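Visitor: Please see the structure below; I have some questions.
FYI, it's all coordinate maths here, none of it is from the lab. Here the structure is a predicted model, which means the values were calculated and not measured. Reconstructed Cβ throughout: ideal geometry from the backbone, glycine too, with neighbour counts over all protein chains shown.
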Amino acid sequence: GAGVSQSPRYKVAKRGQDVALRCDPISGHVSLFWYQQALGQGPEFLTYFQNEAQLDKSGLPSDRFFAERPEGSVSTLKIQRTQQEDSAVYLCASSSNTGGGYTFGSGTRLTVV
Amino acid sequence: KNEVEQSPQNLTAQEGEFITINCSYSVGISALHWLQQHPGGGIVSLFMLSSGKKKHGRLIATINIQEKHSSLHITASQLSDSASYICVVSPREDNNDMRFGAGTRLTVKP
């Protein structure tokens, strides 16, 4: 596609529910990043893929957070047993690694009630 | 201390004013990005800089590598410029790492 697509755009989850957030990067983009942005703050790094390999997951806040990119294109960020502090905008970005910069998705706003 | 510091945190301007947002960083970088984020979360990449100055419409971005400082200028500000502006640096040559500033929230009033 022409841009990075994230779905759903908005998600309301009950505390304890599992959620799955999807990121469709630009076709051919090798690198894919996930970020978490709490209200009023800048994005914080969660994890990074190069193709299907998850090279860095140091930013995942707990073992309830899990990300995958099994075929090196679409990525899913899964949050198990959601808690209120998980409420945030989850941003996905992709890059071609050729110095052309990053393209961001519009984000998924997760609200845990 | 954050590796990327932005100032001011919040900025209110009258329509038509010239606006400057500053970014200072403490790591060696391969590139610096300025992003615009509107309420609702969508992010648009404005500039990617590794040296000098870039201009796009009413927006100008400059970077001084020696001083580890970048500025984003908005000339003749408009109501539609109201957004958060985020400075992002790539500390490694392979561009596979990004460090974000906390953002500057700009409100332009009529």
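Visitor: Is there a simple number for the mean count of other chain Cβ atoms within 10 Å of the Cβ of residues in A:102-110, and what is it?
Guide: Rounded to a whole number, the mean comes out at 4.
Visitor: Here is a follow-up. How high is the FRET efficiency from A:A53 to B:H73, r the C-beta distance, R0 41 Å, rounded to 0.05?
Guide: Taking R0 as 41 Å, the efficiency between A:A53 and B:H73 is 0.55.
Visitor: To continue, here is another question. Check cross-link reach from B:K68 to the aspartates and glutamates: straight Cα distance under 17 Å, and skip same-chain residues fewer than eight apart.
Guide: B:E3, B:E5, B:E93
Visitor: Now for a separate question. Which is the longest stretch in chain A that no exposed loop site breaks, taking sites as trypsin sites (Lys or Arg not before Pro) with a DSSP loop state and at most 12 other Cβ atoms within 10 Å?
Guide: Longest gap between qualifying sites, sites excluded: A:16-80.
Visitor: Can you tally the net charge around A:R9? Count Lys and Arg as +1, Asp and Glu as -1, for every other residue whose Cβ sits under 12 Å from the Cβ of A:R9.
Guide: On the way: positive: A:K11, A:R22, A:R109; negative: none.
Residues close to A:R9 contribute a combined charge of +3.
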